[in-house]
Amino acid sequence: MPPCMASETCDMKYRSKMKRSLSKLDPPELDFKPLVVIELAKNVKEETKEWLTKKIMDKKKDGGAQLLIKPLMKSEEDESANIYLVGASAKRLLIGAESVGLVKECDDGSMRSFIYNNRKEYINFREDGADFLTMAECQYIIKHELDNLRAREEKIIAGYPQAKLYPGKSILRRLQTNGIMIQIFPLHDTEDLKRLGHEWYCQIKVAFQPIDEIRRYFGDTLGLYFGFLEYFTMALLPMALIGIPYYFFAWEDYDKYVIFATFNLVWSTVILEIWKRWCSTMTYRWGTLLMKRQFEEPRPGFHGVLGINPVTGREEPTYSSFKRQLRLYLVSLPFVCLSLYLSIYVMMIYFDLENWALEYHREHQSDFSSIMLFVPSIIYAVVIEVMNRIYKYAAVFLTSWENHRLESSYQNHLILKVLVFNFLNCFASLFYIAFVMRDLKLLRQSLATLLITSQILNQFVEALLPYWLQKRYNKKVKKNVKLLKESTDLVEQIHLEKEMGAYPGTFDDYLELFLQFGYVSLFSCVYPLAAIFAVLNNITELYSDALKMCCVFKRPFSEPSASIGVWQLAFETMGIIAVVTNCALLGMSTQVNALFDDSKMDLILIVAAIEHALLAVKFILAFVIPDKPYDIQMKLARLEFESMEALKQQQQMKLSLESFTEDDDAMDS
């Protein structure tokens, strides 16, 4: 698989193999390093191919992307005639690195935004660009330029009058929505992938994944996810170790869980604060902590009339915020409310089944009837998973229809929709059992069943099933590839990769961890083994996710990330809800109730006071523990000071120049 334009670290054997593969390109250009693949539909008109190729190769000032593009083959009898490889010159990639705001380490050890004119001041920079930009960064730059290919004066896609364009419309998105372009994906580097796979999932170890290598190959977003998955798994170990003796030595005595619940509250706060410190250290080292995101460009799916951004002065699509608010509050919000009502209705059906199972067990008192007690919870767990997945598709459609300008805004609205529904769908029955039915034994049974069933289903759907289907399909593809007359290593690789499934992103993975955190932090005081099952699930998740990334899915495009984003807020909100829930559970204990036999109002007031005190402790801990380590704070402060000093010097130079010009004019007069 071809290496990045900015990386020549592969051995000579791999270089010679790549040269043989690239010699099949038409015309042969050994200096062209393909990074991204574009697959067009069959029977696409030659006029369209020429128009798209010209748009990609045209200069930026002419509305193009100023990239390099070559067809894989010229044989029109083969479907490879519709596959194009996209790359860029070393200089173009470096200029692109500056435009997207990549941050690199300087010779003095500081991290600074890359500036092409100051390129010699950065560590590991060479004039040929080798070893400076990773392959993932190069592919991100190319994707960024292709996404910003927008129509200017064009009214249609050349050759397709029905594919309308208007100023500001994303050309690639129009090609995809009209079925002209099938897909676009970055190429793997087989040598680097083999090395990463051997270090990542071929060795049996729970912690210490090669996070930096994962980030270097797959980008910051995936590096952060696997870093958080590893950290969260290790953070669950204290809860798991303490939960074992509490479970076995206090099986029915719920009053003994007071200490465990208190530890739970402190634990849920501390681990999130420590994660923020670790995250800031990682992202500073990667450079994304310093990336400027204030002027985030419109996402490819954003559409509207071409206008001028009042902040940047650039041309970009504009869309009325009033129209977006109408769509949000008159369509999306009612849909979410209707979905929540449906979730509650299904929950009530589950309780009817639960009552039926209890009656059946009372009548028969057999082993079969004992097993039937768990059937309603298992069925309900399966229904929850199905409803969550169906709802997510609807939420994605609605959020796209709302037409958010920024990718961050799009993600925030999507995550909010999904989190509200998933939280109610997964935890409403547990809250009902705990605080309405007040049946702690049934709460323990339901929590265990929901947690274990959902983990088994997720492992099957997300790991085993895709891997099995992909292996079967790849065998078929390999047989077809061998029939190609001009088959080369590069051709075979591209044919295999284009048939792989697209990586769905980290959304579902973070959602699974969020729900898992909820099961542990909300109700683990009545089922301490929840943390144990969470740890076991995450250990298998580490290896199954690694296997999926390396063997099942296409390589995803890299995306810069400085944190886990809105998921951090979601986890912190769950921690606050956990305080209220655990305090209420403690107030329900018989031991606490015995102290307030005369006045239940006193009990309520005491529980509320304890809850407020714990919330105060939680917020104090969050305030006392800095989000960034001291050394990172000093480095950031130093960079801010230097930026201010540089701005002052520029202003002084401008004033001096103006004063000199005025004196010169006075002398002339």
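The values are calculated or read from the model by the stated rules, or taken from the named source; none is laboratory data. Remember, predicted model here, so these are calculated numbers, not experimental data. Methodologically, a virtual Cβ is constructed for each residue, glycine included, from the backbone with ideal geometry; neighbour enumeration extends over all protein chains shown.
Would you please name the residue that is farthest from Glu213 (Cα to Cα), looking only at residues in the stretch 152-173 that are touching a residue at least 24 places away in the same chain (Cβ under 8 Å) and small (Gly, Ala, Ser)? In this case the residue turns out to be Gly159. Regarding Val103, is this residue of a type in the set (Val, Ile, Thr) and farther than 30 Å from Glu497 by Cα? Yes, satisfied. Checking Ala613, Ala666 one by one, the residue that is more than 30 Å from Ala562 (Cβ to Cβ), modelled with pLDDT of 70 or more, of a type outside the set (S, T, N, Q) and part of a helix (DSSP H, G or I) is Ala613 and no other. Do we have Lys628 as among the basic types (Lys, Arg) and within 30 Å of Met291 (Cβ to Cβ) here? It is true that Lys628 is among the basic types (Lys, Arg) and within 30 Å of Met291 (Cβ to Cβ). Might you let me know whether the stretch 536-554 holds any residue that is assigned to a loop (DSSP other than H, G, I, E, B) and either modelled with pLDDT under 85 or among the polar types (S, T, N, Q) (or both)? No, the stretch 536-554 contains no residue that is assigned to a loop (DSSP other than H, G, I, E, B) and either modelled with pLDDT under 85 or among the polar types (S, T, N, Q) (or both).
In the stretch 6-61, the qualifying residues are those that are out of contact with any helix residue (DSSP H, G or I) (no Cβ under 9 Å at 6 or more places or on another chain), assigned to a helix (DSSP H, G or I) and at pLDDT 50 or above, and the one that is surrounded by the fewest Cβ atoms within 10 Å (Cβ to Cβ) is Lys61. Out of Lys164, Lys169, one residue alone is among the basic types (Lys, Arg) and in contact with a helix residue (DSSP H, G or I) (Cβ under 9 Å, 6 or more places away or on another chain). It is Lys164. What is the number of the single condition among (1) of a type outside the set (Asp, Glu); (2) crowded, with 17+ Cβ neighbours inside 10 Å; (3) closer than 22 Å to Glu50 by Cβ that Gly223 does not meet? Evaluating Gly223 over (1) of a type outside the set (Asp, Glu); (2) crowded, with 17+ Cβ neighbours inside 10 Å; (3) closer than 22 Å to Glu50 by Cβ leaves (3) as the failure.
Residues in the stretch 136-153 that are in contact with a strand residue (DSSP E or B) (Cβ under 9 Å, 6 or more places away or on another chain) and in a helix (DSSP H, G or I): Ala136, Cys138, Gln139, Tyr140, Ile142, Lys143, Leu146, Asp147.
If you scan the stretch 414-427, which residues turn out to be of a type outside the set (Phe, Trp, Tyr) and in contact with a Leu (Cβ under 9 Å, 6 or more places away or on another chain)?
Scanning the stretch 414-427 gives Leu414, Ile415, Lys417, Val418, Leu419, Val420, Asn422, Leu424, Asn425, Cys426.
Looking at Gln176, Gln203, which one is closer than 30 Å to Gln516 by Cβ, without any contact (Cβ under 8 Å) to a residue 24 or more places away in the chain and either not in a helix (DSSP H, G or I) or not hydroxyl-bearing (Ser, Thr, Tyr) (or both)? Going through Gln176, Gln203 in turn, just one is closer than 30 Å to Gln516 by Cβ, without any contact (Cβ under 8 Å) to a residue 24 or more places away in the chain and either not in a helix (DSSP H, G or I) or not hydroxyl-bearing (Ser, Thr, Tyr) (or both): Gln203.
The residues listed here are Ile182, Ile142; of these, the one that is modelled with pLDDT of 90 or more and crowded, with 20+ Cβ neighbours inside 10 Å is Ile142. Within the stretch 324-341, being without any contact (Cβ under 8 Å) to a residue 12 or more places away in the chain and in contact with a helix residue (DSSP H, G or I) (Cβ under 8 Å, 6 or more places away or on another chain) holds for no residue. Filtering the stretch 391-401 to residues that are more than 18 Å from the chain's Cα centre (by Cα) and surrounded by 20 or more Cβ atoms within 10 Å (Cβ to Cβ) leaves only Tyr391. If you go through the stretch 345-378 and keep only what is over 17 Å from Arg444 (Cβ atoms), within 35 Å of the chain's Cα centre (by Cα) and surrounded by fewer than 15 Cβ atoms within 10 Å (Cβ to Cβ), you end up with Tyr345, Met348, Ile349. Scanning the stretch 88-115 for residues that are in a helix (DSSP H, G or I), closer than 14 Å to Phe132 by Cβ and of a type outside the set (D, E, K, R) yields Ala90, Leu93, Leu94, Ile95, Gly96, Ala97. Among the candidates Val383, Val420, the residue that is more than 23 Å from Leu330 (Cα to Cα) and in the same structural domain as Asn458 (by TED's automatic domain parsing) is uniquely Val383.
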